[in-house]
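The block underneath contains the structure these notes are about, expressed in structure tokens.
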Amino acid sequence: MDRDMIRVLLAAWERPDFRAGLRHLIDLDEVTSLLAALAVDDHDDEVRRRATELLRSALETAEIRGAVLLLIETAEIRHGLAAAISANLTDRPGLAAAIRSAVDDPAVRAELRHCLESTAIRALVWQVAEDEFRGRRLTLVREAASLLLRHRPARRLLWALKRHGVVREARRRPASTAAPA
């Protein structure tokens, strides 16, 4: 969670229609205090862990999941997310461009929606995120392979991302670590 991503989350949170739709589902004060804690540059791992847990529990609720997916359909939020991702990929401009292209594709967003509707896929995605947070790279690869082998919606999403060059660009080394020519 960096500053650019926090700005996008705050922009989404400031939308009255979004907050009104969630008022009866989650503790708005908890989310507000957590976003404020995340906005500080030197937030600790505990804040990040709390944010991840809140997001995980929220996405298990169909109404919240639907609201988040509707936000992604909003051009302003979608472009803010793409900009935040791009800001973190300055050494990989090809990957940043491929992600921006994929995020703007309604077919990719539809496949993402299908994936997020699957309880099994959500559980595996959260496990991958936890392993990434803990630095368990080998487990990460095994779980990602399992996700693709066992879940057709994940394969379709991967194929949609591949059409935009995301897979190709993800395999390339960053410009700062590329082998000399």
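Summary table below
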quantity	calculated
Reciprocal of mean inverse Cα separation for the stretch 30-127 (Kirkwood radius, Å)	15.1 Å
Chain lengthening between ALA11 and THR90 when straightened (0.36 nm per residue, less Cα-Cα)	26.1 nm
Segment LEU149-ALA123, length gained on full extension (0.36 nm per residue, minus Cα span)	7.9 nm
Label-point separation, HIS114 to ASP44 (7 Å along Cα→Cβ), nm	4.4 nm
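Read-outs throughout are calculated quantities, based only on the coordinates presented, and are distinct from any laboratory measurement. Since the model is a prediction, treat every value here as computed from it, not as a measurement. As a convention, Cβ positions derive from the backbone with ideal geometry for all residues, glycine included, and neighbour counts pool all protein chains shown.
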